[in-house]
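Bear in mind that the values in this text are calculations on the coordinates, not laboratory data. Remember, it's a predicted structure, so these values are computed and weren't measured experimentally. Note that each Cβ is placed from the backbone with ideal geometry, even for glycine, and that neighbours are counted across all protein chains shown.
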Amino acid sequence: MIDFKKEIARVLSGAVEGLSADEIQEILEIPADTKLGDYAFPCFRLAKLMRKAPQAIAAQVAESVAGEAMFSKVESVGAYVNMFMDRGEFGRHTLTAVAAEKDEFGRSDLGKGKLAIVEFSSPNIAKPFHIGHIRSTVIGNSIYKIYDFLGYQTVRINHLGDYGTQFGKMITAYRRWGNRQDVEQSPIKTLLSYYVKFHEEAEKDPSLEEEARATFARLENGEKEEKELWQWFRDESLKEFMRVYDMLGIEFDSYAGESFYSDKMQRVLDELSDKGLLKESAGAQIVDLEEYKLPPALITKSDGSSLYITRDIAAAIYRKEHYNFHKNIYVVASQQNLHFQQWFKVVEMMGYDWAKDCVHVPFGLVSLEEGTMSTRHGRVVFLEDVLKRAVEQTRQIIHEKSISKGRLSEEEMEETAKMVGIGAVMFNELSNAKIKDYTFAWGKVLNFEGETGPYVQYTHARAAAVLRSAEESLQAVLADPAGADMSYIGSDSAYQLLRLIYRFPQAVVDAGEKYEPSVITRHVVDIAQSFNKFYHDEHILVDDEAEKRAKLLLTYAAKQTIKNGLALLGIAAPERM
Ligand code: ARG
């Protein structure tokens, strides 16, 4: 698709002195008020270069580019050249591109030949996959999809928290109070109850902590009995996690969690020590980061057991050697900011210049209307329960609103309730700038009228219904989109919609650069609102065939763009609701 901004910069560069097309592109503006044109070129910088008043330059430039076919009007206002696109030309370019590219509309090859790792979700084994994990899971999945769409080769890694002293606690608790049957019946809830009990008991009897530490040390040494229990906890937990991933439609390329690096730690320790970075401190080994105003990185504990941070360093080195990433992205809560700053710095001190390619993408906290969560106290909300409840409530809403009364079979209704309920929870996660803390509120998530998932999905289904009712005309115009009479879609509401569709590929680029799926979320909401306005303002299914075809083509493009946007969020776009 033509990049109009670039094209305009090229044309303007022929009409001015002293600025390159690239420089012009930088200063080209998109006025908020469309009365000032679709693009505006401020001439202040040229005044010096051309030794003329900016107003005079603007007038001169306006005159010399006014004849370009892509403009319907060019005028100078003060020091600005305001350019109005020819809506017909603009429409033809945009709509033929969407009709040709379909599900690929918005895809680019920016990342060609480069590999991006996206690490996300990474729950802890034997602990609940709770509502707090949903952010990493849903945001990470979307970032992966965006990078894939930008043409990167991608690897999705679930860095499972399947190692560490907590397994010493879990095994200790299981041995003292556990029962195999209970674990098999409801693994995570049972294991969690052991964990809670461990902390209660350890308050009374601190020697339990000691026992747990020793147990973990045996696990690290590969003792058979500990290893088997650990493996069993891991397998059972993973089964539960998989159920949630299935519901969300999320997959991973690798489940190499923390334990995967247990045999890759010695090398890190040796390397750190060879490079003179390790220091002894009260029996523990640290890397001093004082120079960088950071607390020291604790590499091994005084009992010799390895730590979270060390496993992250080992994992990064492994990933560089194994995948040769261009970017290594970590979607992890902002509570871990310091952790990432510390170990990125350690990797840099080790002399690895790819430290700069490691990116921590933090996000804010989720709280519940009922108050905060605490794993240790067993106060958690399980994600699986949230998703089930969302589907359940959506089913009810669909019934009540009787949106689909008589239109959907029972089976389709069930399918739709899933798409919409789960989509609503995901969309909600991706709606705010990710760094903001937020409170999960049911009333907001499932609202069909607000800027929500159900609203966007419903708009998509509405556009689909329009297209279905004029199948023949639609096929005719899709066979020759360039031949459509664009003069029928020159109204303000049609043009607003067109502009948003045109900008979608740029929104994908912006979202990728900022690691911010909410850019896409915002954009699909804008398109949905704009389509609904167009739908409300104008008759699409008119008698005049040429007019109908042009409007169907625009409807088709709006629907397709919403679908592609939702796909990048990991959300389904139902044809009927
Ligand atoms: N398992 C950790 C948690 O639930 C998150 C892991 C983040 N990833 C990493 N490479 N440290 O808090």
Exercise for the section: Restricting to the chain, compute how many DSSP beta bridges are antiparallel as a %, nearest 5. Expected result: 55
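Pairs of Cα atoms under 8 Å, at least six residues apart: use those to get the relative contact order of segment 1-137, whole percent.
Computed value for segment 1-137: 17 percent relative contact order.
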Fill in the blank from the handout: So, with points 7 Å from each Cα along the Cβ direction, the E545-T439 label distance in nm works out to 5.9
Exercise for the section: Using a/c under 1.5 as the rounded threshold, could you call segment 294-371 rounded, prolate or oblate? The axes a ≥ b ≥ c are square roots of the C-alpha gyration tensor eigenvalues, and prolate needs a/b larger than b/c, oblate otherwise. Expected result: oblate
Fill in the blank from the handout: Applying the gyration tensor rule to the Cα atoms of segment 132-269 (axes a ≥ b ≥ c; rounded if a/c under 1.5, else prolate if a/b exceeds b/c, else oblate), the class is prolate
Completion exercise
From fewest to most C-beta neighbours within 10 Å, the residues H339, H460, H399, H523 line up as H399, H339, H523, H460
Problem - segment 195-278: proportion of alpha-carbon pairs further apart than 17 angstrom, % - result: 68
Completion exercise
The rounded separation in angstrom of the Cα centers of segment 155-234 and segment 1-66 is 66
Problem - the chain: calculated mean residue ellipticity at 222 nm from DSSP helix runs of at least 4, using -39500 (n - 2.57) - result: -18000 deg cm²/dmol
Practice task
Based on other C-beta atoms within 10 Å, arrange I117, I8 from fewest to most.
Solution key: I8, I117
Problem - Neighbourhood net charge (13 Å Cβ-Cβ; Lys/Arg +1, Asp/Glu -1) for F448 - result: 0
Practice task
Largest first and to the nearest Å, give the Cα extent of segment 462-577 along each principal axis.
Solution key: 45, 28, 26
Problem - Gain upon complete extension [E26, D270; 0.36 nm per residue less C-alpha separation] - result: 82.9 nm
Completion exercise
Of the listed pairs K356/K434; K388/K434; K197/K264; K275/K301; K145/K418, those with alpha carbons more than 26 Å apart are K197/K264
Completion exercise
For E251 and S334, extending 7 Å from Cα along the Cα-Cβ vector and measuring point to point gives, in nm, a value of 3.4
Practice task
Work the Kirkwood hydrodynamic radius out for the chain: mean of 1/r over every pair of different alpha-carbon atoms, inverted, in Å.
Solution key: 27.1
Completion exercise
Sequence order, segment 67-75: Karplus ³J(HN,Hα) from phi using 6.51 cos²θ - 1.76 cosθ + 1.60, θ = phi - 60°, Hz rounded, Gly and Pro as x, gives x, 4, 4, 6, 9, 9, 7, 10, 9
Handout entry: Nonlocal amide H pairs with L277, under 5 Å, H built at 1.01 Å
Key = none
Practice task
Let me have the relative contact order for the chain, percent, based on Cα pairs under 8 Å that are six or more residues apart.
Solution key: 16
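Sort R175, R156 so the one with the fewest other Cβ atoms within 10 Å of its own Cβ comes first.
Least to most surrounded, the residues fall as R175, R156.
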